[in-house]
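One structure is given here, and the rest of the page talks about it.
The values are calculated or read from the model by the stated rules, or taken from the named source; none is laboratory data. What you are looking at is a predicted structure, and each value in this text was computed from that prediction instead of being measured. With ideal geometry, Cβ positions are generated from the backbone for all residues, glycine too; neighbour counts draw on all protein chains shown.
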Amino acid sequence: MCYYARIDPSAVPLFFSAAAVQTTTNDRFLMLTLKENSGTALMTDFRPLRAWRYNPGKVNIQDVIAPPYDVISEAAQGKFYEASPYNCIRLILNKIRPDDSETGNRYTRALGHWNAWRQEGVLIQEAGPAFYLYVQNYRDKTSGQMKERTALFGRMKLEPFEKGIVIPHEKTLAKPREDRMKLLKATGTNFSPIFGLYEGAQRRLTPVWERQRAAAAPLYDAEDGEAVRHRVWKIDADADIRKIRDAVRQEKIYIADGHHRYTTALEYARRMKEMPGAERDEEAGSDFVLTALVAFHDPGLMLMPTHRLLQAWPGWDPDALFKKLEPHFDLRRMPLEKAAAERAQKSSSISDPAFFYYGGGSEALMISLKSPDTMREKLKTRKPDVWCRPDVNIFSELVLGALWGFSEADRQSRLFYTHSDGEALEAVKTGKAVAAFLMKTPRVEILREMGRAGELMAQKSTYFYPK
């Protein structure tokens, strides 16, 4: 569901913005601990906003929904384009054209749509500041059970990671950051939210949500192409706004999704502050970012694995490459059905680091690390166990990097990803990939553990469903 947050320093009470900088040292971010007697308290500044949102009198809401830009394939992009001339795909991921230039490109076209839709009344701005309750109902693809996830939309003050208020868990890459910066510079608007997790405020927030759901019909009620139901309620009563702000104030926010958007927003805010005549107060629009917050213990919070697929590679010699793994891994071949069961069982524990290789046929290879000390020895690092045990780190840093000699550029250019077991196997069978490396389903606790340790995982380590 799209809510748009305008970054406009000249209209501070009405709009807000994005900003941010990633501070890393050897893939580790520095986090300052503020002492109780220092006079400074950790504080998440989460505020309501005057959102720009779709006018239900002008559009069919289900026709304008799209997920975040980084999970949209070229084929899906085309379908969203066809669904409606007002689908938010034209804002978040406009098509590239052969004649694109510095003055006419996907980013300037996004700005053109943004301006036109507001002028035409397709997008309307809220009369006053509000939070938005966002409820998604979906069917768990593994268990078949219906689930419900509850999020709260607002604008969050951007904080550098070293403050320990907003906490990342994944690395970011330069190319996606550059892409999002171009869109942000062109439009001055957050079109997609950061997805953040909090720990303790759910008990205080739930009564506000339940009261709002009982008192009013949703602003929107629509189902997307994956049969996910989306409902949105506006929360604008002063008392409720105060309760929400107070409840979130003492929370740390763990980024679940949107690392590239957050770091881009931080950098944008920094640049805005350096501009001649820029505002120096704490209310600048560019110091805030559109954010959706979900509780760690929300019963509808669901993680899916992100499998790694290897494209054709001249040096691909499975026998020779797996020989290099034997001193450090237990390699066990098994039927595909058993491999699926083993992976499901191992997903419940971080203390059993393993992933699975499929290269065709009816069998898979389970690859289990013998000792986390191998990660430290081969990578010459003193990183803690919480960093050494996740299968995505083992595969990316130890297998691909240290043992097989893939450079960072190789990893970015040779790998592609899927969250579907079936798609991973089919890619190998059809020759789209020479190998599939099937990851375990991560536990949501890994975000908290990595954050507390000040560590970062490989890119595309976690995938929350639905988007």
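Points to keep in mind about this one:
- Scanning the range 243-271 for residues that are over 16 Å from residue 180 (Cα atoms), in contact (Cβ under 8 Å) with a residue 60 or more places away in the chain and either crowded, with 16+ Cβ neighbours inside 10 Å or not assigned by TED's automatic domain parsing to the domain that holds residue 155 (or both) yields 244, 245, 248, 251, 252, 253, 254, 255, 256.
- Failed condition for residue 464, given (1) surrounded by fewer than 16 Cβ atoms within 10 Å (Cβ to Cβ); (2) not in a helix (DSSP H, G or I): (1)
- For the criterion of being in contact with a helix residue (DSSP H, G or I) (Cβ under 9 Å, 6 or more places away or on another chain) and buried (at least 21 other Cβ atoms within 10 Å of the Cβ), residue 90 passes.
- Hey, residue 144 of a type outside the set (Phe, Trp, Tyr), touching a Ser or Thr at 6+ places or on another chain (Cβ under 9 Å) and under 24 Å from residue 462 (Cβ atoms) or not: no
- Checking residue 325 against (1) assigned to a loop (DSSP other than H, G, I, E, B); (2) crowded, with 18+ Cβ neighbours inside 10 Å; (3) in contact with an Asp or Glu (Cβ under 8 Å, 6 or more places away or on another chain), the condition it does not meet: (3)
- Residue selected from the range 396-419 under the condition closer than 23 Å to residue 326 by Cα and of a type in the set (S, T, N, Q), by the criterion surrounded by the most Cβ atoms within 10 Å (Cβ to Cβ): 396
- Meets criteria (in contact (Cβ under 8 Å) with a residue 12 or more places away in the chain and over 29 Å from residue 459 (Cβ atoms)) for residue 180: no
- Residue count, the range 387-408 (criterion: within 23 Å of residue 343 (Cα to Cα) and among the hydroxyl-bearing types (Ser, Thr, Tyr)): 1
- The range 110-143: number of residues that are modelled with pLDDT under 95 and either closer than 15 Å to residue 228 by Cβ or surrounded by 16 or more Cβ atoms within 10 Å (Cβ to Cβ) (or both): 2
- Exclusive hit being in contact with a His (Cβ under 9 Å, 6 or more places away or on another chain) and surrounded by fewer than 18 Cβ atoms within 10 Å (Cβ to Cβ), set 59, 71: 71
- Flag for residue 378 being in contact (Cβ under 8 Å) with a residue 40 or more places away in the chain, outside any loop (DSSP other than H, G, I, E, B), over 22 Å from residue 465 (Cα atoms) and charged (D, E, K, R): yes
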